[in-house]
Amino acid sequence: MVKLPKDFLLGGATAAYQAEGATQEDGKGKVAWDDYLAEQGRFSAEPASDFYNRYPIDLQLSEEFGVEAIRISIAWSRIFPNGDDKAPNPKGVEFYHNLFAECKRRNIEPYVTLHHFDTPANLMDQGDFLNQHTIESFVRYAKFCFEEYPEVNKWVTFNEIWPVSSGQYLLGKFPPGIEYDFAKTFQSQHNMMVAHAKVAKIFKDNNYSGEIGIIHSLETKYPYEDKEENKHAAFLMDVLCNKFLLDATYKGHYTEEVMNAVNEILQANDAEITITDEELAILDQAKELNDFLGINYYQSNFVAAYDGENDVHHNGTGDKGTSVFRLKGVGEVKFDMDIPRNDWDWLIYPDGLRDQMIRVKEEYPNYKKIFVTENGMGYKDDFNDGHIDDTPRIDYIRKHLIACVEAIEAGVQVEGYFLWSLMDVFSWSNGYNKRYGLFYVDFDTQERYPKKSAYWWKKISETRNLS
Ligand code: BGP
């Protein structure tokens, strides 16, 4: 019998822009996504899951179905509409007080992220985190939140720096939609890590109560077939997506091995970045201050050597088999593996989660504890008269929870798992047909319906039995 530890936290995850809707209500400032999505005309974040108005229902459902904690993010532009305003927006500030009070009433612990892909448009227009002004504004916003919301005990600075930087500057799928700019991709990752380090330092120096951490998206990069050139390609891909950020987080600098790989990638793409001694000193001061690491994990990649030009096709429609991911000077992701994958070509590979957690323990022994802060299965759910049979999702979650148990048995300090997503939400580059929730959302009526997985989850939360 495989059992989850009794005190292993079972939570559900959301993010402000994907759940709240109300993108222009109560003084909220614009984010770059508003215009970017409007120009594309495919879908918008309005009304998303109308969490802004319906959070009491979602929290009630959470309590009923054994969801013990919830990840939410604060929309920076609800608090400071331009990101750097002198005074905060009282209605935005109040909204989150109300939300946290409702969490308390339902006995659900909020894990609160300060930045989940939604930099205010004003700062994005000035270069986002490539501009020092955004770093300073973020630090100020974070400090404001720590002081304003003492009712929060778990803080996260950033959600997924690699997907932000690559989405913005490499894949062109996030605003400002720039492609194949490796300099901006690495520079923005580094600058966001500096911002994280500054915030973690302030949090500890001021003795704010609670804990602080960061969330990285860590997909394990395996060599496709056991060939030397593929092993090197997998290593380069790992540095680009994972190790550069893990080094910054836990070593407080980039090791020579990592910098050699970074320089190899940059040179192949005629690019350069700047890392100053002053910034390295800031990273160094924060390397022991991370109370926890959040790992978001959906899939792993098998990587082969590749010597062509950059060539990426993002499958944002669920048209299985259309993904292409080839990066110049790095490698090529293979999709035609004998491994199950979902309609968006994400390989379903729970071993990769276990291996990644063991890797953190071995390569970064000063980590303190890990939460899986996102994991879940994008699926085109069928709605049959209020019944949603999402058996493949149940299977996916169960296997990934077993991977957590395996990591714990291997000595990794894993303390909880947040399902992405609590209820169906808006997906950044896929819209509304890629559903993840325990609770089905009818986006026309905003009614919620517990899926088969919600009933299964409730049982697991009570019995802890995964077999
Ligand atoms: C993570 C993000 C989430 C969420 C999830 C699923 O990268 O933190 O915000 O969107 O991925 O991704 P997608 O919606 O692209 O399927």
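Worth a mention:
- Selection from segment 40-59 of residues that are closer than 21 Å to PHE117 by Cα, assigned to a helix (DSSP H, G or I) and modelled with pLDDT of 95 or more: PHE51, TYR52, TYR55
- Every listed requirement among (1) outside any helix (DSSP H, G or I); (2) closer than 18 Å to GLU279 by Cα; (3) out of contact with any Leu (no Cβ under 9 Å at 6 or more places or on another chain) is met by LYS173 save one, (2).
- Residue ID - nearest to the ligand (Cβ to nearest atom), chosen from residues in segment 354-376 that are in a helix (DSSP H, G or I), touching a residue at least 60 places away in the same chain (Cβ under 8 Å) and within 20 Å of ASN290 (Cβ to Cβ): GLN356
- Annotation note: of TYR379, TYR436, the sole residue that is within 15 Å of the ligand (Cβ to nearest atom), in contact with a strand residue (DSSP E or B) (Cβ under 9 Å, 6 or more places away or on another chain), more than 22 Å from TYR111 (Cβ to Cβ) and not charged (D, E, K, R) is TYR379.
- Contacts under 6 angstrom Cβ, first residue in segment 428-451 being within 17 Å of TYR52 (Cβ to Cβ) and of a type in the set (S, T, N, Q), partner more than 10 Å from the ligand (Cβ to nearest atom) and assigned to a loop (DSSP other than H, G, I, E, B), 6 or more apart: GLN446/ASP50
Residue-by-condition table, conditions (1) modelled with pLDDT of 95 or more; (2) in contact with a Ser or Thr (Cβ under 7 Å, 6 or more places away or on another chain); (3) closer than 18 Å to GLN18 by Cα:
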| residue | (1), (2), (3) |
| --- | --- |
| LEU61 | yes, no, no |
| PHE65 | yes, no, no |
| ILE70 | yes, yes, yes |
| LYS86 | yes, no, no |
| PRO90 | yes, no, no |
| PHE95 | yes, no, yes |
| ASN98 | yes, no, no |
| ALA101 | yes, no, no |
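- Considering residues of segment 223-249 that are more than 16 Å from the ligand (Cβ to nearest atom) and closer than 11 Å to GLN356 by Cβ only, the residue surrounded by the most Cβ atoms within 10 Å (Cβ to Cβ): ASP238
- Among residues of segment 195-220, those that are out of contact with any Leu (no Cβ under 9 Å at 6 or more places or on another chain) and among the basic types (Lys, Arg), counted: 1
- In segment 146-161, the residues that are crowded, with 21+ Cβ neighbours inside 10 Å and part of a helix (DSSP H, G or I): ILE161
- Only residues that are of a type in the set (Val, Ile, Thr) and closer than 18 Å to GLU219 by Cβ were counted in segment 241-258, giving 2.
- Out of ALA48, ALA75, ALA15, one residue alone is under 30 Å from THR463 (Cα atoms), among the hydrophobic types (A, V, I, L, M, F, W, C), surrounded by 22 or more Cβ atoms within 10 Å (Cβ to Cβ) and within 16 Å of the ligand (Cβ to nearest atom). It is ALA15.
- Qualifying strands (runs of 3 or more DSSP E) (wholly inside segment 228-326; at least 1 residues being closer than 30 Å to ILE402 by Cα and modelled with pLDDT of 95 or more): 292-296, 301-304
- All positions within segment 380-409 that are within 14 Å of VAL2 (Cβ to Cβ) and of a type in the set (A, V, I, L, M, F, W, C): ILE397, LEU401, ILE402, ALA403, CYS404, VAL405, ALA407, ILE408
The values are calculated or read from the model by the stated rules, or taken from the named source; none is laboratory data. For clarity, every value in this text was computed on a predicted model and none was experimentally measured. So basically every Cβ, Gly included, is an ideal-geometry build from the backbone, and we count neighbours across all protein chains shown.
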